[in-house]
Amino acid sequence: MKTQKSIIRKIIIAGCVIFTLALGGSIVVGGIISDKILHQNKGKDTHDNSIKQIEKWGYDLDGFNSRFQGTEISAKAEDGNVVPATFFDSESEKCVVLVHGAGGDRVSTYPLAEQYLERGYDVIAIDQRGSGKNPDDRVTFGIHEALDVEAMVSYAREELHEGEVIVHGQSMGAQTTVIYAANVKKNSSACADAVIADSPVPGMELILREMFADSDDEDKKNSLLNNYLIGTSKTFMKIFNKVDYDDADTIAVAKDIEIPTMIIVSDKDEVCLPKYVEMVYDNMTCEKRAIAHFNSAHIEGVIDDPEAYMKSVESFLETVEK
């Protein structure tokens, strides 16, 4: 009897040790992944990345800088973060806030800025968190970045006295734009008249699953290992970093958007797959919404055919003004 009890006790102790080691190991794994996600731009020159991307597109950045002179501005977000930006003044009462994608800074939006400036809009190009001169080094896939957009929209209305304010985001900046639109208080000074999301990242968890699997294969994205990596990092980030993957589910939060919204799909997109971008649009219930397709790679519609791109944008904005 004593021998049996001793065996049971040893099994329980061994089980507790294994559980503790497994739990501790999972916490370590979750912490490492979470840190890599939040500080994905650590040690990277996001400004230089933008310049290289523009050069790859064949865009004349020097020509833009010689034609358009910007002014440095900043706004303070609800959580105290200071949002750096460049303001290009066309002496208009219409303004667009541009939100760049992952890995770059505000300069990557200058090809888009040029199109708006040529059409008489004032332009504000911001640096997202973890990028450029933004003091917050954490990338939260639009969750905290949406607060920066709110602050800059308010700044445009209250300090620059803009009568109409549009937010136009690209890639992860489009994800930020959708999350912003889903959460901003309607009729507040922080609420834009309309938003445009070009090739939005469809969701924090979804894009991470694809990254971890390094494949579009659904079985690989939902493998045991992938589920473990997602589960540990999601739990760690929610408990210790107060960042919830679900808050950055672009497809899911789209249903909460009330302000006019346009989604742009890049049909040759291998970064944010068209089927997922279309799901963002399909889940929207706002009264005024639009979708446009361009036969381009990721966010390159404005590069390939700027006239057609902006004609689509302006057609949408005309419906907002009516």
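Residues in the stretch 214-232 that are at pLDDT 80 or above and either hydrophobic (A, V, I, L, M, F, W, C) or buried (at least 18 other Cβ atoms within 10 Å of the Cβ) (or both): 224, 225, 226, 229, 230, 232.
Quick grid of which residues meet (1) in a loop (DSSP other than H, G, I, E, B); (2) touching a Cys at 6+ places or on another chain (Cβ under 6 Å):
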residue	(1), (2)
130	yes, no
133	yes, no
136	yes, no
148	no, no
151	no, no
156	no, yes
177	no, no
187	yes, no
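A single member of 303, 239 is surrounded by fewer than 20 Cβ atoms within 10 Å (Cβ to Cβ) and either in a strand (DSSP E or B) or in contact (Cβ under 8 Å) with a residue 12 or more places away in the chain (or both), and it is 303.
Filtered by the rule that a residue be in contact with an Asp or Glu (Cβ under 8 Å, 6 or more places away or on another chain), farther than 11 Å from residue 122 by Cβ and assigned to a strand (DSSP E or B), the stretch 76-100 gives 83, 84, 85, 86, 99.
Residues in the stretch 124-152 that are closer than 19 Å to residue 71 by Cβ, charged (D, E, K, R) and surrounded by 23 or more Cβ atoms within 10 Å (Cβ to Cβ): 127, 148. Given the criteria over 16 Å from residue 177 (Cα atoms), surrounded by fewer than 16 Cβ atoms within 10 Å (Cβ to Cβ) and hydroxyl-bearing (Ser, Thr, Tyr), does residue 296 qualify? Here the answer is no, as residue 296 does not meet what is asked. Hey, can you tell me all the residues within the stretch 76-105 that are over 16 Å from residue 141 (Cα atoms), of a type in the set (D, E, K, R) and crowded, with 18+ Cβ neighbours inside 10 Å? Once the filter is applied, which keeps residues that are over 16 Å from residue 141 (Cα atoms), of a type in the set (D, E, K, R) and crowded, with 18+ Cβ neighbours inside 10 Å, the stretch 76-105 yields only 94. Per the conditions (1) out of contact with any Pro (no Cβ under 8 Å at 6 or more places or on another chain); (2) farther than 24 Å from residue 315 by Cα, the sole criterion not satisfied by residue 251 is (1).
The values are calculated or read from the model by the stated rules, or taken from the named source; none is laboratory data. The model shown is predicted, which means the values in this text are computed figures rather than measured ones. Every residue, glycine as well, gets a Cβ built from its backbone with ideal geometry; the counts of neighbours run over all protein chains shown.
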